[in-house]
Amino acid sequence: MRNSPQMLSTPASGQPRARKKVFIKPGFSQLDWMRLTTSGEDLRGVQELRGLTAEEVAQHNKRNDCWMIICGKVYNVTRYVDFHPGGRSQLMRAAGKDGTKLFFETHAWVNFESMLKECLVGFLT
């Protein structure tokens with residue numbers, strides 16, 4: 001299956017490549033993430049949604065302050081970093097940047113809007 005969760009194809013060749021497995025600490029599974037997003041805890045870190053420039057988002061490019069843009073929406077993914085199934089380093093590739101292309105190249109089947117809805121801080125202007 002092309003671009004299934006089990007096997008991705010490389011963009012240039014279309015040949016399958018195996019995905020790297022990353023150890024996720026206990027308490028940081030996707031189920032744990034879903035529990036956290038429904039706990040009522042503030043994952044946004046902002047009072048209200050607003051328009052943001054790429055320059056503003058670029059200031060949030062650290063492990064302890066990580067925002068990214070996906071499809072014109074800006075998410076504070078700081079709390080999600082440890083939950084990312086691909087590991088911290090993969091998520092940090094889009095820290096402070098537009099990660100739309102990378103996201104869809106890696107896992108287009110994931111519904112990011114649902115998964116990150118509690119992390120939405122604004123919209124790219």
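With a 1.4 Å probe and all protein chains kept in place, how do Lys73, Lys101, Lys117 rank by accessible area, largest first?
Lys101, Lys117, Lys73
In whole Hz and in residue order, list the ³J(HN,Hα) couplings for segment 111-125 that follow from phi through the Karplus curve 6.51 cos²θ - 1.76 cosθ + 1.60, θ = phi - 60°; x for Gly and Pro.
These are the phi-based 3J(HN,Hα) values: 8, 5, 5, 6, 5, 10, 4, 7, 9, 5, 10, x, 10, 5, 10 Hz.
In the neighborhood of Leu36, defined by Cβ-to-Cβ distances under 12 Å, what is the net charge if each Lys or Arg adds +1 and each Asp or Glu adds -1?
Net local charge, Leu36 excluded: -3.
With a Förster radius of 35 Å, plug the Cβ-Cβ distance of Phe123 and Met34 into 1/(1 + (r/R0)^6) and report the FRET value to the nearest 0.05.
Efficiency, rounded to the nearest 0.05: 0.90.
Give me, ordered by chain and number, the residues 5 or more places off Val74 or on other chains with an amide H under 5 Å from its own placed amide H.
Val121, Gly122, Phe123, Leu124
What are the ³J(HN,Hα) couplings of segment 26-38, residue after residue, when phi is run through the Karplus curve with 6.51, -1.76, 1.60 and θ = phi - 60°? Round to Hz, x for glycine and proline.
For segment 26-38, the Karplus curve yields x, x, 10, 7, 5, 5, 5, 4, 4, 4, 5, 5, 9 Hz.
Using heavy-atom solvent-accessible surface (probe 1.4 Å) with all chains present, what is the largest-first order of Met34, Met68?
Largest accessible area first, the list is Met34, Met68.
The values are calculated or read from the model by the stated rules, or taken from the named source; none is laboratory data. What you see is a predicted model, and the numbers here were worked out from it, not measured in a lab. Don't worry about glycine lacking a Cβ; one is built from the backbone with ideal geometry, like all the others, and counts go over all protein chains shown. Surface areas here come from the heavy atoms of the whole protein model, side chains and all, with no ligands, DNA or RNA. Shrake-Rupley method; radii C 1.70, N 1.55, O 1.52, S 1.80 Å.
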